[in-house]
Each structure stands twice: as structure tokens, then as C-alpha cells.
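This report concerns only the one structure given below.
The values are calculated or read from the model by the stated rules, or taken from the named source; none is laboratory data. Only a predicted model underlies this, so the values are computations on that prediction, with no experimental measurement involved. Methodologically, a virtual Cβ is constructed for each residue, glycine included, from the backbone with ideal geometry; neighbour enumeration extends over all protein chains shown. Note: areas computed on protein heavy atoms with side chains; ligands, DNA, RNA excluded. Shrake-Rupley method; radii C 1.70, N 1.55, O 1.52, S 1.80 Å.
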4 protein chains.
Amino acid sequence: MVIIMKPNGTQEQVDRVVERVKTVGLDVHLSVGEQCTLIGVIGDRTLLGETPLEAMPGVDRTAPITAPYKLSSRDFRQEDTVITANGVEIGGAEVVVMAGPCAVESTEQIIQIAKIVKDAGAKFLRGGAFKPRTGPYSFQGLGEKGLKMLAEAKAETGLGIITEVMTPTDVKLVAEYSDILQLGARNMQNFFLLKEVGAAGKPVMLKRGLSATIEEWLLAAEYILAGGNSNVMLCERGIRTFETHTRNTLDLNAVPAVKALSHLPVVVDPSHGTGLIHLVAPMSKAAVAAGADGLLIEVHHDPEHSLTGDSKQSLSPNQFAQLMGELKPLVAAIGREL
Amino acid sequence: MVIIMKPNGTQEQVDRVVERVKTVGLDVHLSVGEQCTLIGVIGDRTLLGETPLEAMPGVDRTAPITAPYKLSSRDFRQEDTVITANGVEIGGAEVVVMAGPCAVESTEQIIQIAKIVKDAGAKFLRGGAFKPRTGPYSFQGLGEKGLKMLAEAKAETGLGIITEVMTPTDVKLVAEYSDILQLGARNMQNFFLLKEVGAAGKPVMLKRGLSATIEEWLLAAEYILAGGNSNVMLCERGIRTFETHTRNTLDLNAVPAVKALSHLPVVVDPSHGTGLIHLVAPMSKAAVAAGADGLLIEVHHDPEHSLTGDSKQSLSPNQFAQLMGELKPLVAAIGREL
Amino acid sequence: MVIIMKPNGTQEQVDRVVERVKTVGLDVHLSVGEQCTLIGVIGDRTLLGETPLEAMPGVDRTAPITAPYKLSSRDFRQEDTVITANGVEIGGAEVVVMAGPCAVESTEQIIQIAKIVKDAGAKFLRGGAFKPRTGPYSFQGLGEKGLKMLAEAKAETGLGIITEVMTPTDVKLVAEYSDILQLGARNMQNFFLLKEVGAAGKPVMLKRGLSATIEEWLLAAEYILAGGNSNVMLCERGIRTFETHTRNTLDLNAVPAVKALSHLPVVVDPSHGTGLIHLVAPMSKAAVAAGADGLLIEVHHDPEHSLTGDSKQSLSPNQFAQLMGELKPLVAAIGREL
Amino acid sequence: MVIIMKPNGTQEQVDRVVERVKTVGLDVHLSVGEQCTLIGVIGDRTLLGETPLEAMPGVDRTAPITAPYKLSSRDFRQEDTVITANGVEIGGAEVVVMAGPCAVESTEQIIQIAKIVKDAGAKFLRGGAFKPRTGPYSFQGLGEKGLKMLAEAKAETGLGIITEVMTPTDVKLVAEYSDILQLGARNMQNFFLLKEVGAAGKPVMLKRGLSATIEEWLLAAEYILAGGNSNVMLCERGIRTFETHTRNTLDLNAVPAVKALSHLPVVVDPSHGTGLIHLVAPMSKAAVAAGADGLLIEVHHDPEHSLTGDSKQSLSPNQFAQLMGELKPLVAAIGREL
């Protein structure tokens, strides 16, 4: 960390800051410039905790040198993390496709879709039993009943299950029925939930918050890793910008950016990320080309009769099969498998 | 709601949509234009639930005519909602100031600050016992111990208490010790928490999410109102934009905008909203001039030795007293009280 | 400037950077930390020009210590700049109101509105002769004819004229007819235009770009100041965010923020900033309370028959007169004049 | 267009609006709902011009049904536009790569880089002679001298030239020396410049503004098309969001979105779009997979000694050659050529 002192500060102010830093066992280097004095803090800055240096007289601001997350950083672990769930590796050579409906609606519906996406090459079945909905008057999901339907679909097809958990008290319940616990964008900074899944010992998919910076996203992952659960994959699902043509702005830059900063696998959700059916296929291909380790795609066998309005972004079985066919040569061209 | 059909659609497609709408008991008006057909839906559109009209063949998109929230809308209730907490009215003639530290640190600290802010004219003491922190290595608050310290400060000064609750299972506990339950920006769409405070029967302050639209904010309030709790005040605390000079962009437009759309009181938090001490006073005045019903301001008696880095945005006791003095003539000029 | 070297860099890389910095006559201070080496550059960093230090091996990034603008900074000039145009001081004790229609439509229209706004207390008449329009099929303004109409309105009322200039070759023409040259948001970074008005010797109002940071805005002002024209006022007119309820997000934080960073006067345009008639009055008051030196407000005597769609955000003569009446006690309460 | 009347409006208000619409020769369909009346406008809405319907009593708002651009829309022209410049087709089967330095610095530099990028497979040489710079103290380009150097590089290598024009009076000059006129992001809404290049009869590359919506971007293209120049390609180069890790957020969603809305070719600039060298290759691949017709990439033979700080995002010759090699199988996999 560098502490930047104000232009017309006094020597006494510098001395007090230096003393404060030394109190916690750190050393400093002073750079006395024409415009201001810089105090370089040497050593592990976490020792400073939240010492409010910026509230001390004469301090203009502090500039961090190192990232505030550790366990999730590439510096901490050089090699890619590979997560195994239901026997499938995520973060390895394979690009893993997870597909299914927005919400679990009935046993028939979920089994039918499970078969469809499995035939087309998906490895995991997605489907919401607990649904975070913007308004209270929308369908909130089938809850535990929905989880049981997912279990039936797994029994029938062998597909792994990924489904969302929304609140700490449900973590154990959802973990019983799923292979990957999904944390939604709205819950990326639900810190009690992060701690709970950190203790759950199940693979977790952490979706990026709508307005979360990459650093905040990795700090949220850090909560889970610090809780003892190292099986965290990240999911880019679109950020909120001024553009209104797409529902969100799927930020593919985040894929190579996160893979440089962190060892964790990155999955992309083009369905929520764009909100427009005709963008799902091109953005799926782009995600894979950018280096994504997996795709999370909404598929519905009968979008017109689904229970959630989100189905307008769901691919039909044919559209999904066609996309999987088009992904194959692309994945091969970049030296991966599907 | 207007359903806009695609340009080259067929009569059959129009017929199917009309039939679908009529199934739920609604009527339609057709406008057959040169470019496309419009289907106006007549009656209460909530009857359509989430019928996925946009997934039907030939439908281009749907355009809502009415707001998706009800209980929180000005149409539902014309007169301003006035909330009474600890004997103080919020949403009436008085501009209510709530002040205190970012976090409760000790009994001495919180009582000392409580006395300072009371003397300067504040009516509520704010202070976090449960702290939502971006990273897992930051001070997470004193929890229940902190709540008890707040209670001591209330006993000592008579000030009402406002403090944050972060997770559903803590609602009862926090409600015991506080007069107003604060829901933080990161929890604006923590729907289980919204439902729980909806059932708690205590006044609630709902902070706007960092990237929440005004409509989403009112829909979050709707969860609480629909749960039977009508004592909801909204708090603008800054949104996330591209501007990095300020920590957030305090969106004062939201004050008159929300007051036109809704009957709920609106409070403004210029401390988190700007993140810069020297902006707190001018933006407090601007908030009041824009029509805010209250202010939520961070004050610390010794920012340099506080336990959270946020203290860099805390006013000193002198700065707070000066601001209160400056607010007085301004509040009088707009015909309100302080 | 601080140059932050990469963690595992070599001494040779540090040496090369130091040598490069010394080449231009600057000195350095080294801070050799456990994690990385910091090179503090001592002296006027403009001597480095655009030396691409970040492209040198071993350099992680550079962190500026001082602002990249000079003439517009408060450090360069401590006292507030006061600009005199048509005998009226902007940036002094008075809050100066500039009002008028979106576009000049006819001699009758502009004179009629000029009289109305003068009677209510405005000191400048605004009105576009050259109109920047998003699409080519919209009314593009009356051009020079419109300028002449503005001159007639000035002759009739004595009001100063502020009107927009859109392209370098029109600067002389517009300067003939106006007291203040307005540069629109879309032209904030039209660098040829900035240079031209820098040479024009007329007061300039520089509107903030829709997505311009405060730093970029001050750098744009720097172009004009560096061109020899020190009569620059800044105008906050709303930035682009994710919020769609308001046309733009009027960023009042920018008012006290700019006044701390710079000595230039700041004017606020609540009409374009919000795009909603019912927000113009509350946000005008808020702007004044935040410290604005002036207001730019759209007024039309007959919005329903105006030639631009923007008229939906224009105040009627009555609404404008009422606002001026409400501003008076507010302005007095903060110790200024109207 | 649908005109949405306010809930408690009167019949007289509806009648006046209908009359107003009929005045210009359009017809209407009324939908009288329980909540409000909708007035569907039938026929070419451009006949309404900017009739300020929203300023009429009783009108709540208007909702457009059709896009405000025409010549640039896919409805106007079904087949893809293919532009030929210097004998190369853009918008056809080939993915066209344009590469070169941020700025032209010297004859030696530009010829050396031209040879490097040509050898690696680029078809156009990019390089700025006129440079839009955020601050007045940065290198502003060599101007006409730089154009002549580009011409020499073309003579030497046969590569087409693409370079930026910043102001209307320079259009003829720049058109003499270049095969494609580039309009930069800051000039996307420089309407005088758009009109001038509309009349220039040279292919144009229109970069998306930093905060321009897709609709505004197509409306800017419409200015050029309406001026009689149909050879317009669009270039996505990153939008401004809250994310600060990347310089901009390269919005690849815009590629398939624009190709659905419009017949114009789309090029992607991952260098400015990300601002980070290590993201250029993955985002180039992603752009191609998303359907981009071309790439605009910064390459410098000696980034460390370049004259602009932007060189930190420039690929070295080796990095560029490697990227071109990696693109080949990818382009083949999607059935295109490089």
C-alpha cells in the first residue's frame, strides 16, 4: 500500500502516520517529492486491518498495490482449479454445458427437458425450485417439491443437478438434492449465505452481481473459500449498463480477465446475460472462444406455456440441439472438448 | 398492456394471442396498423400472471401501461404515509435526522456519539451491529453485543435506534433492540429477508440497491407492504455509475421521482452516497431542498481511531453541528421543520 | 507519479525504468517492498509527457498522484473565477438563471418567451439556433436566422444571450450574436471546437458529456483555458446511467465536487438533466442548495405547439414564475442572491 | 406509435390528440381500457415529425413501435451490405483484419509496422494522424504529415489505409489519403462531421460512442446514409460501465444485435475495447465467434518507445502473428475466411 500525503502537509503528520503503521509491525519507505510525500508500506498489509489511515490528518488517500483477495487469486494458486461434480470435471479440457428451464414446473416438464438437453450433450440439468423474483406477485417457485422433481430427473437421466439456494437456512436442504449450489446475482453479496455455502462442502456456482466489479466478485468468492470450500466456479451473467436493447450486457471481457486474476473456473450464462433468444447462440460461441469453461443455457420444451415470463429467452429443443452442433467445431478449433 | 405483433405476422397468430388473453377473463382491443397489429389488453393485467406472451409465435414484445407495484403506488394511496417510530414522525412536516457511527464499537463510543448527535438535533441514533462487508477479512460488527450497546445508548439519551438486519433469522433479534429495521443496499432484493421484515411489524428503512431502478426499489418495498407491514420508508444512498471521483452517485432525482410515484417517505444518506466528507454537507442541503423527509448521516467522535475504514466519510462532531446549524434556515425556507 | 513494478521483476528492469525517468530530468525514490518495488517519481511529471512507462518490461502499472489538469484546478487558482457576460456576474454572490425554449422557432416566439422569463427574474435567454439531434430526420434548428431572432430578443429585453455552437467554422458567427457560447454535451470532447472557442475570447459554457467523468470534464475545460480563454463555466446536465425513469441522472454531487477541485463556476441544467417537468423545480432547488452558481431552464409559452419533442420537459410561464418565487427564500437562506 | 393517455383523462383530451394526428394525414385506432385509453397511430409516423404529443394535456407518454432509423435497418434492406475498399470486401465471407499503431510517428515506424501486419495477414493499415486526446498536453498527432507517411506505407505494401478524421473541414484531406474514413467514438454524434462524410463518397467506419445505445449508433449511421453514402461499417470499441478493471467494457452483444437490426458490417476493436494486452487475443476470438466482420487491432513494433501512452495496449509483432495463427482454425470452424 502507498499512503499519499496531502501537498501542504507537515512533517509531524507524516511522523504520526509512520508511527501508526509501525505499531502493527510493518515497515515503511518514504518518498519525499516536490508535490507530496509518499509512504510505502512494506509487508503484509492485512496487518493494518481497517486502520482508518485516510481519516488521519494530512493523509490524502491510500493506493492499494496488491489485490484484497488471496485464496481466489492466481498468485495464491498458479494452476487452474478443476472441480468435479457428479463425475464431471469443470475447469479442465471440457467445455461443460448446463441446460434446462428457468423454473421447475412439474415432474413431467423437468424430465422431458432433462432428456432433451442430455441427448444434445449437456452434462448438468439446471432449473429453479426457489426463484428470486423482482416483484411479490410473480411465481416464486415450487420450493422443496421442485427439488424432488429435479432428483427424479437426475435418477432418470444421470445428469448432475444445479439449482439455486436463496437463503442460509435452505442450504442444507438444497445441498441434499443438487450437485452444484447456485448463488444468484442478487445474492452475490448476501454474506450470511456466502458463509453458509462456504461450510456446505458442495461445489458452488457464484453468479456475478448485476453491478459487481470483478474485484467484488472475487471477494465474494473469497468468503466461500475462506469458509473452507475450495470448489467455487464463477458465472458471468450480464451486468447492468445504460444499454436497454439487451436485458443485460453480457461482459465477456470478464472471462479472460478473471482467468488471469484467479484460478477458479468461469462459466457464462448467455440466456440471462442477453435476455434475447437470437443472441444466445452467437454469445455462447463467443463465450467459448473467450475461454469460458462452461455454459449455462435456458431450454424449454414449450416456452409458450411455461410458468415464468423469462421463458422468452429460452431456446427450444431444436435451437439448443443446433447450437450444440455448431459449438463442436468451434470447441475443437480452440483445442478443447465438448 | 399492449401486445405488439411482428410486422409480417399472420391472422392466425393474432387469433391465438387474443384467445390466450381471453382465457383468463380479459378483453382486448385490436389496432390493425400498416406496420403491425397491436393488441390492447383491457382489465387487470395481473390476471395474466406470467403468461409468457412474448414466447408466442408472432409476438414482437409487450409494453406495460401500468406500474407493476400497487400498494406502494401513489394511485393506491393518495396521501403521504407518515411513520411513527419512538414517538417521532417520519414523512410529516419535520425533516428527521438520523446520525451515528458506521459501526458500534463499544458502549463508551456509542453513548458518547449518541449524546453528541442528540445535542445537535438528531432524532435517531444509527450504528451497525451487523456489518455487510465486501471482503471476509474486514470487521464484521459486534452482533448481538452491539445491539445491547445501542439499547444502552437509547436508555441514556432517549434517541430512537435504527440498525441493520442482514439475514431473515436475525429479524426478531434486531427488532427487539431497534425502532427502525434497516435493510441495506446489498439486501434490497434479498426476498426472504423482505418477507420476514414484512411480517415483523416494525418500521423498515429500505435502502436502494446499488444498481436498482426506481421501479425495482418500489417492487422491493411492495414485498414488505404485501407482507402486511405498511411502515416502509425508502432510503436513497447512491447508485453505481461510471463516475469514480465519488464513491457512489447520490441520485437526488430519485427523491422527487419517488414522491410522485409513491406515498412512502424518502430518506437520503449522503455519507455512503458520496463517500467524501466535504460533499456530505452540500448534498445534505440539496437532499432537503429536493424534498427528502430525512437524512442518515455518519458521525464519529474520533474517526482516526474507528474500527472501520468507512470512517473516512464520517463527520466530526463539529462538522455535524455546523451542518445542523446550516440546515435550519434552509428547512425553514421550504416550509418544513428540523 | 508512482510506478508499481510487478511482483517477480528483476533489478535490471527497475534500473531501466529509473534510467528512463532520469533521462527527462526527473528524480526517483525507490521503495523496495516484500511484494514489489515502487518507484516514486519526483518533480513535474509532465516532463515525462506520454513516455509509455507501462509498456516497459517489469512495470505493472502507474498511479498518478496529481491531477492531469492545471489551469482549471483549484491549486492553480485559489479564488473563485467570476465571469462577466452582458454585465452580469456568474460565479459571484448571485445565482444566475438562464431560461428559454429548447429551439428558436420564430421572432414572435423568442421575443414572447424572452419577456416572460425576464419578468420572472432570468438574466439570460437560452435558445438553440443550431440543434444537435440524435436522428437526421428531426428539426435541426434555424441556423443563422435563429441567431438573428435571438439578437432581436436581446434588443427588445436587454437579456444576455446564450446559444450553442456545434462546429469550429461557426464559432465566429455564433460569437457575434451571443454573450455566452454554449458547448453541448455531445461536443464536450470535440477537441477542434474546444480549441476554436479557446481562441474566441467569449465566455463559454461547457456542458458535461453524457458519460464524462469529472476529470475528463475538467480536462476539456483545460483545452479552452490553455487556448487563452479563462472565462469558462461548467454545466452539469445529467449523466447516463442504468436508470430509465429519468431521461438522464442529474449528478448534483458534481457541483460541490467540481467546486472543490476547480475555481470555475458551475451551472446546472435540470431540464435536460431529468427530462421530466415535475422534477425541474425540486432539482433546481436542490442544485442551488448544493452550491450551483446558476440554472439553465427550458421554458416555452406553448409547449404543445413547439417544434421540438423536447418541449415535454419545458416549464410553462406559470410554472417558471412559481419556481422563481420558491427559489427566492431558499437562495436567501444560503446567503446568496437571485 | 401508441399514445398512452393518462388514467383520469377526459374524452375531450382524447379527441384533441386524435385530431392532431389526423391533421398530418394519419389514422388512429382507439383502445378504451379500464385504466386508460390507448391511441394507436396507423401509417408512417415520420409524418408526425416532432409534433410534441407528449406536451398535450392528458397524454401520459408515447411508445414507439418501429425503429427511428430506416436506411440502416434490416427491414429496409434484407441482404448484408458488403463494402469494397482497396479491393477488399468487408461484410462478406472474409473476416478482415485492420492493424497498426495508435499513432503514426515516423515514415520508418509506419512502414516497418505495415510490413509486419501485412506479413501476418492484415488487409488494412490503421494509424492515427489526427489524434483525439483527452487532455491538451498530450501528443495530438502529426496531421497531414502523418497522412503522407500512411500513403508511403500503402505504396510500399499495398495495404489499404484506415485513419481517423476529426473535424468537417479535414474530410476532403483525409479522404485523399485513406481508403476508409474512421469516425471516432467521441465524434459519433458530431453531426456536422457525419453530414460531411455522408457527402464524401468514401467508405466510413463509425465507432460506437462510449455511452451510445445501439439505437443512437444506428441513428448516427443514418445521418451518413441519408447523406448519400451507403458504405458505412460500424465498429464496436467498448462502452463505459462501472467496471474499472478493463479500460472499457467491450460489448460483444452489440455484434449479433446490430446484425439482426441492420444490414451494415460490424467490426470490433478489442484494443481500445479492453485496454489490456492480455485480453486482446481472447476478445478477438470471441468477436469473430460472435459474428464480427472484421477486427481493428493495435500493433506496435516497439511499444516501449512509442509516442502515445496507449501503446500499453498494443500487441507486439510476435503477439499479433500468434493471434492471427490462432484465429485461422476458429474462422474456418464458423465457415468464414481470414
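Calculate the mean, over all residues of peptide A:129-142, of how many other protein chain Cβ atoms lie within 10 angstrom of the residue's Cβ. Working shown, then result.
Numbers: counts 0, 2, 1, 4, 5, 12, 13, 17, 10, 5, 2, 2, 0, 0.
Mean shielding count: 5.
Straight-line reach from A:Lys328: which lysines have a Cα under 22 Å away, not including same-chain ones fewer than 8 places off?
A:Lys115, A:Lys118, A:Lys123, A:Lys285, D:Lys285, D:Lys328
Indicate the residues belonging to the stretch A:252-270 that lose 20 Å² or more of solvent-accessible heavy-atom surface (probe 1.4 Å) upon moving from the chain alone to the assembly of all protein chains, ignoring ligands and nucleic acids.
A:Leu252, A:Asn253, A:Pro256, A:Ala257, A:Ala260, A:Leu261
Report the percentage of all Cα-Cα pairs in the stretch D:212-338 whose separation exceeds 26 Å, rounded to a whole percent.
Here the long-distance tail beyond 26 Å is 26 percent of all Cα pairs in the stretch D:212-338.
I'd like the orientation of helix D:11-23 relative to chain D: the angle between its Cα long axis and the longest Cα principal axis, in ° from 0 to 90, rounded to 10.
Relative to chain D, helix D:11-23 is tipped by roughly 50 degrees.
Would you list which lysines come within 27 Å of C:Lys22, measuring only between C-alpha atoms, while excluding same-chain residues fewer than 8 positions from it?
Partners within reach: A:Lys6, C:Lys6, C:Lys70, D:Lys312.
With a 10 Å cut-off between alpha carbons and a GNM built on chain B, which of B:Tyr137, B:Tyr177, B:Tyr223 moves the most?
Between B:Tyr137, B:Tyr177, B:Tyr223, it is B:Tyr137 that shows the largest mean-square fluctuation.
Sort out for me the Cα centre separation of the stretch A:270-338 from the stretch D:55-83, rounded to whole Å.
Centre-to-centre (Cα) distance: 29 Å.
Relative to the longest principal axis of the C-alpha atoms of chain B, give the angle of the C-alpha long axis of helix B:144-157, reported between 0 and 90° and rounded to the nearest 10°.
Orientation of helix B:144-157: about 70 degrees from the principal axis.
Can you grab the distance from the C-alpha centre of the stretch A:207-249 to the C-alpha centre of the stretch C:1-47, Å, no decimals?
35 Å
Could you give the length gained on full extension between D:Val24 and D:Ala199, defined as 0.36 nm per residue of separation minus the Cα-Cα distance, in nm?
Net length gain for the segment: 59.9 nm.
Can you work out which chain A residue has the shortest Cβ-to-axis distance for the rotation that carries A onto B, and give it in Å?
A:Ser211, 2
If you build a Gaussian network model of chain D, linking Cα atoms that sit under 10 Å apart, which residue out of D:Pro101, D:Pro203, D:Pro52 swings the most?
Comparing D:Pro101, D:Pro203, D:Pro52 in the GNM, the peak value goes to D:Pro52.
Based on C-alpha coordinates, I'd like the Rg and Dmax of the stretch B:219-276, in Å.
Looking at the stretch B:219-276, its Cα Rg and Dmax stand at 13.0, 41 Å.
GNM, chain D, Cα, under 10 Å: largest mean-square fluctuation among D:Ile116, D:Ile277, D:Ile39?
In the Gaussian network model the winner is D:Ile39.
Can you list the copy-to-copy distances for C:Pro57, using a point 7 angstrom from Cα toward Cβ, in nanometres, shortest first?
Computed spacing set for this position: 4.8, 6.5, 7.9 nm.
How high is the relative contact order of chain D, given as a whole-number percent (alpha carbon pairs under 8 Å, six or more residues apart)?
16 percent
Using the alpha-carbon atoms, what tilt in degrees (0 to 90, nearest 10) does helix B:317-333 show relative to the longest principal axis of chain B?
Result, in degrees: 50.
What are the label-to-label distances in nm, one decimal and shortest first, from A:Gly87 to the same spot in the other copies, with labels 7 Å along Cα to Cβ?
Its label point is 5.9, 7.0, 9.1 nm from the equivalent points in the other copies.
Share of chain B's accessible area from carbon and sulfur, percent, 1.4 Å? Mind dumping the intermediate values first?
Working: 5360 of 11150 Å².
Carbon plus sulfur share of accessible area: 48 percent.
Express the Stokes-Einstein translational diffusion coefficient of the stretch A:157-245 in µm² s⁻¹, to the nearest whole number, given a Kirkwood radius over alpha-carbon pairs, 25 °C and a viscosity of 0.890 mPa s.
After rounding, the answer is 187 µm²/s.
Grab the Cα-Cα distance for C:Ala260 and C:Asp119, subtract it from 0.36 nm times how many residues apart they are, and report the gain in nm with one decimal.
47.4 nm
Beyond 54 Å, how much of the Cα-Cα pair distribution for the protein assembly as shown remains, as a whole percent?
20 percent
Kindly identify residues of the stretch A:9-29 having a loss of at least 20 Å² in accessible area between the isolated chain and the assembly of all protein chains, probe radius 1.4 Å.
Those are A:Arg16, A:Arg20, A:His29, which lose 20 Å² or more relative to the chain on its own.
State in Å² the accessible area per residue of chain C; use a 1.4 Å probe, count heavy atoms of protein chains only, and round to the nearest integer.
Dividing the accessible area of chain C by its residue count gives 33 Å².
For the stretch B:1-158, give the share of DSSP beta bridges that are antiparallel, in percent and rounded to the nearest 5; count only bridges with both residues there.
Here the share of antiparallel DSSP bridges comes out near 85 percent.
What does the stretch A:146-186 give for Rg and for Dmax, in Å, if only its C-alpha atoms count?
10.3, 32
What total accessible surface area, summed over both chains, is buried at the interface between chains D and C, computed with a 1.4 Å probe and given in Å² to the nearest 100?
Roughly 4200 Å².
How long are the semi-axes of the ellipsoid equivalent to chain B, from square roots of 5 times the Cα gyration tensor eigenvalues, in whole Å, largest first?
44, 20, 19
Using a label point 7 Å beyond Cα on the Cα-Cβ vector, give me the inter-copy distances for D:Lys328 in nanometres, one decimal, shortest first.
2.5, 8.1, 8.1
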